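Following: one structure in structure tokens, then a few remarks.
Bear in mind these aren't lab numbers, they're just calculated from the coordinates by the rules spelled out. These numbers were taken from a predicted model, which means no experiment stands behind them. Backbone-built Cβ (ideal geometry, glycine too); neighbour counts: all protein chains shown.
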Amino acid sequence: MYEFIQKLHSGWAYLALLLLVVAVLNALYGLISKKEFNATDRKIALFALIGTHTQLLIGLVIYFVSPLGFASLGNMSDKAIRLTSMEHPLINIIAIVLITVGWSKHKKLLTSESKFKTFTIFYTLGLILILSRIPWKLWL
């Protein structure tokens, strides 16, 4: 069961990152081109939000099942274990909170420019944080 959840977490990460990159590029394009925010733009951002939240839920399950997760918190001297047991989960939770804040803030805004700007800022910050804490040696 652990191996299945681990592969699901790794596989879903590709989809979540793709959705997030598309949402960031779409928001940036909308901001630069000054186009009107429409239902398609909303759906792109929503799919990125759903993809990252799903990845978080899978990650939380694996965190408590994996020998590299919660069980390793006492061994912070090893850099690789510290990354998987503390840095990766903490920074990714912060990133997903930022993405969620961006989604929530856009609903209160009235202009297309402000919506695209909000998505560009919050989704990009989330993407940068996620990319900074991926355990690349384990993933690739």
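Summary of computed values
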item: Where G74 falls short, out of the listed (1) in a helix (DSSP H, G or I); (2) within 30 Å of M1 (Cα to Cα); (3) free of Cβ contacts under 8 Å to residues at least 40 places away in the same chain; result: (1)
item: Answer from T40, T52 - the residue that is touching a Leu at 6+ places or on another chain (Cβ under 7 Å) and within 21 Å of A16 (Cβ to Cβ); result: T52
item: Residue in the stretch 33-42 that is part of a helix (DSSP H, G or I) and closer than 22 Å to S10 by Cα present; result: no
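Residues are listed down the side, and each one gets a yes or a no for (1) surrounded by fewer than 14 Cβ atoms within 10 Å (Cβ to Cβ); (2) part of a helix (DSSP H, G or I):
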position: A80; (1), (2): yes, yes
position: M86; (1), (2): no, yes
position: L98; (1), (2): no, yes
position: S104; (1), (2): yes, yes
position: L109; (1), (2): no, no
position: F119; (1), (2): no, yes
position: L125; (1), (2): no, yes
position: I134; (1), (2): no, no
position: K137; (1), (2): yes, yes
